[in-house]
Every structure is written in C-alpha cells, then in structure tokens.
Amino acid sequence: MAETEQITVATTSAGPGGTGEPGETVNLPVVELLTGRGFITGKSGSGKSNTASVVAEKLLDNGFGLLIVDIDGEYYGLKEEYEILHVGGDEECDIQVTEDHAGKIASLALEQNVPIILDISSFLDEEEAETLLTEVAKQLFAKAKKQKQPFLMLVEECHEWMPEKGSMGEVGKMLIKIGKRGRKHGLGIVGISQRPADVKKDYITQCDWLVWHRLTWNNDTKVVGRILDNKYADAVEDLDDGEAFMMNDWAEQVSRVQFHRKQTFDAGATPGLDDFERPELKSVSDDLVSELETISDEQQETEDRIKELREELDKKNSRIAELEAELQDARDLSRMAEQFTEAMLDQAEDYNPGRTEQEKMRRQRERFAEQSTSDGDADADGEADTDGPEEQPPEPDETADATSGGGFGDAFSAFAEDGAAMNGGSASGGADANGSSADAESEPDASNADARPASNGHAENADVAANGGIAGNGAAAVSVNGQAETDTAPADDEDLKAAIAEAVEAEQSDEATGSAADETPSDVDGPAVYADLRADIEELDRKTRRMLAYYREQGPGTPLNAHFSAGGSGDRTAAYARNRELRLRELVEHVGRGKYDGRLAALVREESDRRLDDDEVESVVSRLESAFLDGDGD
C-alpha cells in the first residue's frame with residue numbers, strides 16, 4: 001500500500017460561488033475519505049459517476065481497497081487498468097454470486113485488500129439483489145470491527161436504498177448503520193444519487209464531504225439552498241459537465257471545482273453514432289476466483305440434490321397415488337364379491353322353505369313378545385284387546401314341510417303322528433301375526449265349529465299359525481299368555497295342548513332373557529353406531545374433517561381439491577396423507593380416475609348390520625355431520 005496522505009481529484013474553477021484562484025489543485029485527505037461519509041449528487045449527464053470513478057481510480061493507484069455497489073453496470077471499465085474483481089449475476093462478471101458468497105466477498109475485500117465491483121444490475125430478481133447487498137454490508141461491518149483497516153464502500157443510486165419518504169428496507173437500515181458507526185471501525189461510505197430530494201436527510205446531514213453537480217429540479221435545488229446557501233441553489237443550475245460545488249469539514253468552505261476526467265473506459269457513457277469498441281479488460285487471478293467458485297460449486301450441488309430429491313418425492317407420491325387407487329379398486333372388487341356372495345346365499349335360502357319359514361316365525365315371535373310386554377292386558381281366554389292394530393300373518397310357503405315345526409321347532413314333531421294339523425298357515429280365526437287371538441266378531445261362526453280330522457291327515461278347522469301359535473276353530477288355540485283354550489277340544493288332545501303350552505312358555509322365557517332382541521334396531525344400532533363413528537371422526541384433525549365435509553357436500557373429487565377446500569396449501573404430500581387417514585377409516589372410497597367420494601351412509605349401514613332403514617341411516621348421518629361441519633376443536 002502506498003504511503004500517501006492525499007489524492008488530487010480536481011482543480012478550482014471560476015464562476016459564481018467560487019473561491020480562490022481558478023486552476024488550483026483540489027486534494028482530498030485519504031484517511032477522511034476512506035473512513036468518512038460522503039455524498040455525490042447531480043442530474044444525469046452532469047458528471048457525478050465520473051467524479052466517483054476518479055475517486056476510485058486515485059485510491060486504486062495508491063493500493064487502497066474499496067467496494068463499489070454498481071446498480072447500472074457502468075464501473076466494469078475500471079478493469080481496463082486495474083485488476084479488480086467483478087462479481088454479479090450474469091456471465092459478464094468474473095463469477096456469478098449469491099447471498100451465500102457474502103462472507104467470502106467481505107473476506108477478500110478486507111483481509112486480502114481485493115478491490116471489488118458488486119454488480120447488481122444483472123439480477124432480474126430485485127429481491128435477490130437486495131438480499132445479496134444486505135448480506136455483504138452486514139459482513140463488511142462485522143469484519144471491519146475486527147480488522148480495523150480503512151476501507152471505502154461506494155453505493156450508486158443510494159436513494160433507492162435510503163429513501164426520504166416511505167419505508168426503508170434492510171439494506172437502507174444497514175447502510176445508515178455503516179454511516180453512523182462505521183467510522184470508528186475504519187469503514188467509510190459514499191452515497192451517489194441524481195435526486196438529493198429523495199435521499200434520507202439523516203444521511204446527507206451527517207456527511208463529512210459533499211459534491212453538488214448540476215441540478216435543475218426545484219425540489220433538488222431547495223436541498224442545496226438548505227444545506228449550502230441560496231446563492232449556491234441558483235448557481236447549481238448553471239454548472240458545466242464535471243463542474244460542482246464541493247463542501248467538506250476539513251476545508252470549512254465551499255469551493256467551485258472542475259473534476260478530472262477518469263482515465264479508464266467510460267462504460268456509463270451514453271451511446272452515440274460513433275463506432276463503439278470495448279477495450280481489453282484485465283482479468284483477475286484464478287486464485288481470487290477459485291474460493292468463490294468452490295462456494296458456487298457447493299451451492300450448485302446442493303441445488304441439484306434438492307432438485308433430485310423433489311423429483312424423487314414427486315415420483316413416490318405419484319406411485320403412492322397409483323397404489324392407493326389400485327388398493328381401492330381391489331377393495332371395491334372385494335366388496336362387490338361379498339355382495340354377490342350374499343345375494344347368492346339369499347337366493348339359495350329361498351329354496352329352503354323350512355329355514356325361511358323358521359326365520360320369519362322367529363322375527364314374528366320377537367314382535368309377539370314385544371307386543372305382549374307392552375299390551376299385557378290380553379284376556380285369559382285368549383281374546384286380544386281389539387283396540388290394538390292387527391297385522392296380517394305372512395303368506396306361507398306352499399312347499400314347506402308340514403313337520404318343519406314352524407316357530408316351535410321340534411315341539412310339533414312330537415305330536416305330528418297324532419294327526420295334528422300343521423300346514424304352516426293361519427286360519428281366519430287363529431292367532432294373528434302379533435300372537436293374539438283374532439276378534440271373535442270377525443268370524444262369528446268360528447267359535448262353535450268342531451275340530452274334525454280330514455282324510456289327508458290335516459285338521460280341517462285347526463291350523464298352525466305362521467308365527468308359531470296354534471289357532472283353532474273351537475279346537476285348540478294359544479292365547480297371548482301361552483295358555484291353551486279347551487272349550488270344545490276333545491279329550492285325546494290333552495297331550496297336544498300341554499306340549500304346545502310348554503313350547504310357547506319356553507320360547508317366551510328365552511326371549512325374556514335376551515338383551516338386544518327386545519329392542520328395535522334403531523334403539524340398538526342407531527346410538528351405538530352414531531357414538532362410535534362420531535368418536536372416529538372427532539379423532540381427526542380439523543383439516544381432515546373438513547376434507548370429509550368437502551366429499552359430503554361436493555361429491556367425488558381429488559384429494560388435492562379437498563385439501564385446498566379444507567384450508568390446506570395444496571401440498572400433494574399433505575393432501576394424500578390426510579386422505580389416506582380418511583380412507584383407512586373407510587370414511588371415503590376411490591371412485592375412479594384419481595377421485596374419492598364419501599361413504600358415510602354406506603358405513604352406517606355396514607356398522608349396523610344393515611338393520612337401519614334409509615330414514616334412520618340419514619338421521620344418523622345428519623347427526624354425524626356436526627362432527628366435521630361444526631367441529632373446529634383443533
């Protein structure tokens with residue numbers, strides 16, 4: 001590093017506001033320049049960027065380090081004469097950098113005294129450029145505290161980072177911090193702008209030296225009048241290119257000066273009609289770039305690995321979706337097979353008259369027991385209360401075996417040889433489907449008829465009721481409480497009546513000890529099914545329940561649509577994870593082409609062993625909807 005205390009940048013000029021003799025050299029003290037706060041302003045074409053380049057060239061000539069924040073890509077011309085590292089976001093730079101390189105850039109600048117151009121004009125993403133500049137400024141400030149080495153940071157178009165009006169971002173806050181506290185650590189800053197009225201006044205008023213090139217806008221000249229004087233505000237409009245008013249703390253006066261022309265290629269000059277020929281630029285040594293390239297390589301490897309992992313994750317998610325669809329199709333086929341098997345078994349049972357009639361009679365006995373419990377005021381002589389509803393017995397199967405026993409099982413086989421009438425049906429005056437005796441007034445002649453055996457072995461006026469009771473036209477009848485009537489029964493039928501009474505009493509005893517059989521399907525299955533399913537639904541998180549609500553309200557849809565409707569981000573992994581939980585609980589089913597639909601009603605039917613009718617199922621489902629439509633308990 002050259003041992004110098006001052007650099008020459010301009011000469012004094014004649015005109016309004018000038019002091020001293022024209023042509024005198026203007027020098028700037030290096031230490032105050034490197035560690036202080038400066039401000040260079042002027043309208044476009046007035047020479048402000050030339051002034052900044054002259055200052056940079058003089059510092060580089062003497063071996064001092066600096067970092068230029070180039071927002072328009074006009075400082076790379078310095079590479080014509082100087083070995084300076086040009087970093088940015090495109091291939092024109094020596095190396096492309098990101099915020100991950102910020103620490104290394106600061107180390108090269110302060111620890112190895114490498115001059116750097118940070119070109120953010122090549123970044124298409126303004127947020128990315130701002131993040132890079134913020135990190136570099138932070139790293140410079142942090143390392144300067146330890147390094148204690150004079151270093152200058154030039155920032156072009158500083159009004160974009162330190163605006164007078166509006167909010168200030170992280171970059172502006174960091175630059176203001178460097179301006180206020182960087183001096184004690186040896187870190188200086190120079191802000192450059194063509195609109196002084198738009199620059200934060202807290203920064204301008206703290207500067208050690210200021211350069212005012214030509215300004216014409218009224219708002220900008222007012223700033224000159226407030227800081228310098230009104231006579232300079234009028235004169236600043238007439239300054240020539242490269243001419244400026246310079247004020248600094250060490251001279252304690254305002255000078256009208258003409259800055260030197262920069263010696264390197266003017267990359268910021270406005271293109272004209274002359275041929276443009278770019279000069280040969282110096283390249284930096286490979287050693288300076290190698291460490292930055294290592295960071296870039298590591299960053300690229302990380303990005304490539306992340307890309308590979310995302311592609312692999314997408315493939316796995318797609319495969320999971322395919323397997324889920326296949327599994328659901330297999331379950332659908334299995335369910336269809338079960339339904340087909342049940343249908344075949346039902347059809348096979350239709351060809352077994354004995355079993356079919358026994359099942360019918362069993363159900364009728366259950367209703368009989370229920371009716372007898374609620375209406376226990378039947379007459380002792382077998383006559384039922386005529387106020388209750390009368391249900392007609394089911395039509396008997398004509399192919400039924402007379403010895404099948406009906407509702408009393410083997411009790412009939414014991415006396416089948418005695419000639420008892422067993423046709424599986426019910427006479428008009430016998431017991432009705434509820435086990436009660438028919439109203440005597442409906443058949444006025446039935447009570448006086450005699451029981452006469454027919455030639456084919458069946459009783460002509462005594463029939464076996466379809467519900468397991470015996471109805472007789474004056475022969476033998478079983479009342480609601482199981483007692484046999486014997487008004488006109490022949491004496492040799494005493495054993496028959498005793499056996500019938502004993503069988504009825506046994507059947508009623510078995511039914512009385514049953515638990516769920518005495519209750520209606522809606523009493524047994526409805527609350528139990530509702531409680532179990534509601535508990536399952538309430539175990540789900542809020543978004544999963546809302547996905548179930550989507551299927552219930554909208555019908556078939558994809559997990560992604562359901563997840564998005566439930567307030568999710570549309571993430572495929574999260575959507576299928578929540579949908580998988582619904583599917584494993586059988587609350588939804590795959591309906592083809594990657595779509596799913598709710599099966600809450602079908603699940604209620606299955607859980608209740610199909611004992612609920614459509615209205616009862618819909619009632620349970622409606623009550624369950626409150627668990628996922630109104631339940632936001634998460």
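Things to note:
- Taken over the range 136-165, the criterion of being acidic (Asp, Glu) and in contact with a His (Cβ under 9 Å, 6 or more places away or on another chain) is satisfied by no residue.
- Among (1) at pLDDT 90 or above; (2) closer than 30 Å to ILE117 by Cα; (3) open to solvent by 60 Å² or more (accessible area, probe 1.4 Å) - the single one ASP249 does not satisfy: (1)
- For the range 200-230, the candidate set comprises residues that are of a type in the set (D, E, K, R) and not in a helix (DSSP H, G or I); within that set, the residue that is most open to solvent (accessible area, probe 1.4 Å) is ASP229.
- Here the condition is being modelled with pLDDT of 85 or more and part of a helix (DSSP H, G or I); of LYS360, LYS315, it holds for LYS315 alone.
- Residue pairs meeting the criteria (Cβ under 7 Å; at least 6 apart or on separate chains; first over 19 Å from PRO163 (Cβ atoms), in the range 200-212; second among the hydroxyl-bearing types (Ser, Thr, Tyr) and in a helix (DSSP H, G or I)): VAL211/THR51
- Residue under evaluation THR221, criteria (1) over 23 Å from GLU126 (Cα atoms); (2) in contact with a Gly (Cβ under 8 Å, 6 or more places away or on another chain); (3) not acidic (Asp, Glu), criterion not met: (2)
- Residue match in the range 147-154 (condition: aromatic (Phe, Trp, Tyr) and under 17 Å from ALA102 (Cα atoms)): yes
- Residues within the range 252-264 that are at pLDDT below 90 and aliphatic (A, V, I, L, M), tallied: 1
The values are calculated or read from the model by the stated rules, or taken from the named source; none is laboratory data. Please read all numbers here as calculations on a predicted model, not as lab measurements. Reconstructed Cβ throughout: ideal geometry from the backbone, glycine too, with neighbour counts over all protein chains shown. When the accessible area is computed, the model is the full protein with side chains, heavy atoms only, and any ligands, DNA or RNA have been set aside. Shrake-Rupley method; radii C 1.70, N 1.55, O 1.52, S 1.80 Å.
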